[in-house]
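Below is one structure; the comments refer to it alone.
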Amino acid sequence: MGSAFVAEILAMTAILITANLTSGSTNEPIPGLKFCTNTGVTNSFYVFWVPVLCFECILCSLAIWAGVRRSRNTTNPISVSNKIRLLDVLIKGNVGYFLV
């Protein structure tokens, strides 16, 4: 899991470096309005989000896999005291994060 995260960071860094080397910058994009901005950024800059999406899909699939394994191992997700187990809450929260 750690290696996938490192790969995501390296891919994002390479994309940002490539985009910044091929684009320009200006400190006055509109006359009278002074702030730094990039100019000439390519239309394919959306590629920056591909490594993020891949890593999030890996995390989502692992959360779903853990939920399926958990549901197969236990027949009753509610304990004797009618309180939801902490692990069940964590799995539901992890899967819900990716669906919302």
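The values are calculated or read from the model by the stated rules, or taken from the named source; none is laboratory data. Nothing here was measured: the structure is a model prediction, and the numbers come from that model. So basically every Cβ, Gly included, is an ideal-geometry build from the backbone, and we count neighbours across all protein chains shown. In case anyone asks, the SASA skips ligands and DNA or RNA and just uses the protein heavy atoms, side chains included. Shrake-Rupley method; radii C 1.70, N 1.55, O 1.52, S 1.80 Å.
May I ask which residue of Cys36, Asn73, Asn20 lies farthest towards the positive end of the charge dipole of the chain, with charges of +1 (Lys, Arg) and -1 (Asp, Glu) on Cβ and the Cα centre as origin?
My answer, from the dipole projection, is Asn73.
Any idea what angle helix 86-99 forms with the longest principal axis of the chain, computed on alpha-carbon atoms, 0 to 90 degrees, nearest 10?
40
Share of the chain's accessible area from carbon and sulfur, percent, 1.4 Å?
Roughly 68 percent of what the probe reaches on the chain is carbon or sulfur.
For Thr37, what residues show an amide H to amide H distance below 5 Å, using hydrogens built from the backbone and excluding near sequence neighbours?
It is Thr26, by chain and number.
In a Debye calculation with equal point scatterers on the alpha-carbon sites of the chain and no solvent, what is log10 I(q)/I(0) at q = 0.14, 0.22 Å⁻¹?
Log10 I(q)/I(0), no solvent term: -0.73, -1.10.
Provide the per residue accessible area, probe 1.4 Å, for the chain, rounded to a whole number of square angstrom. Mind showing how you got there, number by number?
Working: 7730 Å² over 100 residues.
With the other protein chains kept in place, the chain gives 77 Å² per residue.
Show me the ranking of peptides 31-43, 8-20 by mean Cβ neighbours inside 10 Å, starting with the highest.
Values: 31-43: 9.4, 8-20: 13.8.
The most tightly packed comes first, giving 8-20, 31-43.
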